[in-house]
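The structure appears right after this line, and notes come after that.
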Amino acid sequence: MVIRIRRGPSRKTTKAQKAPKQASQDIPLTQKIEENIEFFSSLYQESSDVIFRSFVVGEKDACIIYIDGLSDTQKLDQQVLETLLDKTEFDESDFLLSVKNKLPISNIKNISTYSACIDSIGNGSPILLFDGYEEALSLGLVKYEKRSIEEPQAETAIRGPREGFTESLGVNISLLRRIIKDPALKMKTILVGKYTKTKVVISYIEGLADNTLIEEIERRLQTINIDGVLESGYIEQFIEDDPYSPFPQVLYTERPDVVSANLLEGRAILMIEGTPFSLIAPVSFFSLFQSQEDYYERFWIGTFIRVLRFLFLAISLFLPSVYVAITTFHQEMVPPDLLISIASAREGIPFPAIVEALLMEIAFEALREAGIRLPKQVGSAVSIVGALVIGQAAVQAGIVGAPMIIVVSITGIASFMVPRYSIGLAIRLLRFPIIILGGTLGLIGVMLALIILIIHLSSLKSFGLPYLSPVSTVEKNSLKDTLIRAPLWKMNHRPQLTGEYKAVRQGPNLKPGRNKGGE
Amino acid sequence: MLEKGKISTIQMEFMMVPTIIATGILSVPSIAGRFAKHDMWMTPIIGSIIGFITVFIVWKLHQLFPKLTPIEYSEKILGKAVGKIFSLFLVSFYIDNTAIVVRQYVNFISGNVMFETSSVVFTIGILFVSALAVRGGIEVIARSAVICTTIYMSTSLFLLLSIKDINMGFMLPILENGLLPVIKGGLVHSAWFSEFFLLSFFFPFLHHPKKGLKSGMKASLYVMLIFTYVNFFVLTILGVSSVNQFYPVYSIIRGISVMGFFENFEIIITASWVLGNFIKISVFLYVASLGLAQVFRLSTYRIVVFPLSLLLVLLSYWDIPNIVVLIDYLTRIQPFYSILVQTVLPLFLLFIALARRKRSGST
């Protein structure tokens, strides 16, 4: 007897251990409820939060399995258990259907495999098992604690919606559906991560997004075989075209309006469970310099800010290296008065300009990183120390020249001009090799660095879209939304992405005016 | 097909314009001015005739053999043995030409900007970046060309800052010595315009091959206008004395001073010329590598790019001992040599091809 008891569960546990591995193979449920319960209890052994509630309906054994804290127990008690235990008559000939009809739950599904049951329990939908049936009911009573909708922290706007995505996928989808009501908005779900089983939703507008693009994204997502997905960055790094590039080939945002704008341009969105950041693909270099407010404000301002951004991109990339190159090799280029003041400031400084620049840039990066990671109270102390010690004392001690401090500060400010944080990271990284080239080969070295950068960007693609398009491919219609931001009534065409696309976005002759609509 | 990429006609124009003018703008005005004196502003217009003719010849050849490069169709036209010799000659011509272009660029940099750094550093630098671009394929060259050419061309607007120093009197009297000196000067420009033969390597890779002729002609026109623009400024600011300078445009830029503060633009111009020369060398290196791979029927041209670049570093020093010889070569040899190889020989190819086609068509 003892032996049999021991053997019984042990055989089951082997089956249970196998089960997660064979989850994709879909073992069907058995008719006997004891076997089913035994399977689940061995699977969830040592999981005190999984609750098995057995009861009898009519003459049938039944069991509800759910995870405490993921499901709405109040509704489960009041709507499910009460109905089932309330001596309600059920039609014996089609028992499951009659149960389904009696339960006041809108989202209720028949599932017939162990893996589907496991998924359902994991997602927070309780499952309802009956003796004698190979099917279980998955009750859509998901309820868990979630953050309320707040204004996005990383992407604030003066003008524009204040709602941001949250960690809850369902909320994010509803935010999107509330903006785009057309049924052409599609959501495809793929589970990624062996243990986290994170839901990744591919969202696109049918007819606007290229079908091959969606297939390609799906294919790339399905090849991901990792333990878990904790943030959109995990997905991003597994679906990129060129993993060695410092440039982001997928854009992330936590703003539903940005996501909607990109959907309407024919791009695909990846929404990931557990993170407020959605990924946008494909993107080009110039999408990284577009901010939602460019479109909400008057186009003159939009254009001006765009131009300013590219100017400051150049400054943040090249200013330190150009300064180093000019003070080291091309002094004749500086007007005499300026040269004298720079020379007098640099007088007595022990380092060559290149060392000085590298020193200060690294110090600046350290300050910036320290300011982000430290608790807020300590962070301000760091910035005071940084400003005083590095800014003031280093110059007075004659270790660094004052012009270098100015250059580094301007560079620092310039790097904050970029609306997307991820491209700012790439620029920070690239600044250092350019300084070294500028300090060794002068401006020619800086130009060589620029050329290498251009070559790299030219060979880069994001899901088949050339990274420098539409400028490097010279598409006249799309150029209206790159360096400049044309008036909305002028942008009659969607940007050309990959493959087939619906070019016309809006009706012609939308230009408003006094004489519009009958004199 | 060794090249799978496709480019658009606009990208081709963006590639071709700096390919012609990048080195041309450095010293051609003064060389042409040596013949044409105060009529030198007209020389590009005369020289461009060869450009238009070359584009037309190349276009006709392309129509006869669409999807083929000259290396491939010369074998079809001339037969296997002679065709092979011809294409080998063509490839070696472009290898040699690339080396000269590299030398012109490096001479300029180390003679005007970086006096103390060893010039071989710049040779290796520019060939390295060009080889990187060429390995990326024609699409990468084309896309980089759009960006680089835009920056490169926009700096030519700096010339406008010197508009207050213009003296139209330097242009007079027009055609004092007749047309002959202008034609002689135009011949110098023709050497550069004949480089439009390079189009024959790009026509097969166009998205819309039918627009090729128009786009080639447009590129030729742009080059002519830019040369005229530059020659006009060289002549009206420096006068005929500009013929004594190796780099007259550089001299003009040096002289620009706005409000006593904005001056010494020459380093910016030099920096942007690096971009232009990068495109030029990339295009030449691309054609040489692709041609070499096609002559020897290699499976990919990418493997020859870096070895060829290494060879070019050496070649650029073997060919030309110093700048005086370089200028002499550009004045006396290159006009005839370049036009012979890039315009006259293709013309013969076209005649033979047409004759063969007519004969095979009639029988």
Given a Förster distance of 41 Å, the FRET efficiency implied by the Cβ-Cβ spacing of B:Met217 and A:Arg220, rounded to the nearest 0.05, works out to 0.40
Charge tally for neighbours of B:Ala32 with beta carbon under 12 Å away, counting Lys, Arg as +1 and Asp, Glu as -1, is +2
Taking Cα atoms of segment A:60-140, Rg/Rh with Kirkwood Rh, to two decimals?
0.93
Quick one: order B:Cys148, A:Cys117 by neighbouring beta-carbon count within 10 Å, fewest to most.
A:Cys117, B:Cys148
Square roots of five times the Cα gyration tensor eigenvalues for the protein assembly as shown, Å:
66, 35, 26
Kindly flag which residue pairs out of A:Lys143/A:Lys199; A:Lys480/B:Lys280; A:Lys188/A:Lys480; B:Lys60/B:Lys84; A:Lys32/A:Lys199; A:Lys188/A:Lys476 have an alpha-carbon separation exceeding 27 Å in this structure.
A:Lys480/B:Lys280; A:Lys188/A:Lys480; A:Lys32/A:Lys199; A:Lys188/A:Lys476
Once you have the alpha carbon radius of gyration of segment B:298-349, what is it after dividing by 2.2 N^0.38 Å, with N set to its residue count?
1.54
Give me the mean projected area, in nm² to one decimal, of the convex hull enclosing the Cα positions of segment B:266-321.
4.8 nm²
Leaving out same-chain residues fewer than 8 places away, which lysines sit with a Cα under 20 Å from that of B:Lys4?
A:Lys461, B:Lys67, B:Lys210, B:Lys211
Surface/4 estimate of mean projected area, convex hull on alpha-carbon atoms of segment A:258-298, nm²
3.3 nm²
Segment A:437-500: proportion of alpha-carbon pairs further apart than 17 angstrom, %
55 percent
Translational D (Stokes-Einstein, µm²/s) of segment A:195-246 at 10 °C and 1.306 mPa s when Rh comes from the Kirkwood sum over C-alpha pairs?
128 µm²/s
Looking at chain B, do any whole DSSP H helices span at least 27 angstrom along their long axis by alpha carbon and average 0.0 or above on Kyte-Doolittle, and which?
B:9-36, B:43-64, B:80-112, B:212-238, B:266-295
May I ask for the equivalent-ellipsoid semi-axes of segment B:9-356, computed as the square root of five times each C-alpha gyration tensor eigenvalue and listed largest first in whole Å?
33, 23, 18
Ratio Rg/Rh [Cα only; Rh per Kirkwood] for segment A:203-330
1.07
Report the far tail of the P(r) of chain A, meaning the percent of Cα-Cα pairs longer than 46 Å.
33 percent
Footprinting exposure proxy for A:Val504, A:Val334, B:Val129 (fewest neighbouring C-beta atoms within 10 Å first)
A:Val504, A:Val334, B:Val129
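Is any helix in chain A, taking whole DSSP H runs, at least 27 angstrom long along its axis by alpha carbon and on average at least 0.5 on the Kyte-Doolittle scale, and which ones?
Numbers: long enough: A:2-21 (30 Å, -1.30); A:299-328 (42 Å, 1.68); A:353-373 (30 Å, 0.92); A:421-459 (30 Å, 1.93).
Both cut-offs are met by A:299-328, A:353-373, A:421-459.
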Per-residue average of Cβ from other chains inside 10 Å of B:270-282:
3
Footprinting proxy, A:Tyr252, A:Tyr501, A:Tyr244, A:Tyr421: sorted fewest to most Cβ within 10 Å, the residues are A:Tyr244, A:Tyr421, A:Tyr501, A:Tyr252
With Cβ to Cβ distances under 9 Å as the rule, what net charge do the other residues near B:Val243 carry (K, R +1; D, E -1)?
+2
When each pair of different Cα atoms in segment A:299-466 is counted once in the 1/r mean, what is the Kirkwood radius in angstroms, to one decimal?
17.3 Å
Just the number, please: percent antiparallel of the DSSP beta bridges in the protein assembly as shown, rounded to the nearest 5.
95 percent
When Cβ neighbours within 10 Å are restricted to other protein chains, what is their mean count per residue of peptide B:252-261?
1
Unit-weight point scatterers at every alpha-carbon of segment A:293-348, Debye formula, q = 0.15, 0.24 1/Å: log10 I(q)/I(0) is -0.61, -0.92
Extent of segment A:34-184 along each principal axis, from alpha carbon coordinates, in Å, largest to smallest?
64, 37, 28
Which of the trypsin sites (Lys or Arg not before Pro) found in segment B:39-143 are loop residues per DSSP with 14 or fewer other Cβ atoms within 10 Å of their Cβ?
B:Lys67
Under 20 Å Cα-Cα from A:Lys181, which lysines qualify once same-chain neighbours fewer than 8 residues away are excluded?
A:Lys502
7 Å from Cα along Cα→Cβ at both A:Gln78 and A:Phe95: what's the point-to-point distance in nm?
2.9 nm
What's the center-to-center distance, using Cα atoms, between segment B:185-226 and segment A:336-385 in Å?
51 Å
Which semi-axis lengths, in whole Å and largest first, follow from the square roots of five times the eigenvalues of the Cα gyration tensor of segment B:66-134?
36, 12, 8
Which values of log₁₀ I(q)/I(0), to two decimal places, follow from the Debye formula for segment A:369-482 at q = 0.11 Å⁻¹ with a uniform point scatterer at every Cα?
-0.58
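Every number here is computed from the coordinates shown, using simple stated rules; none is lab data. The shown structure was predicted, so the numbers you read here are calculated from the model rather than taken from an experiment. Virtual Cβ from ideal backbone geometry, glycine too; neighbours counted across all protein chains shown.
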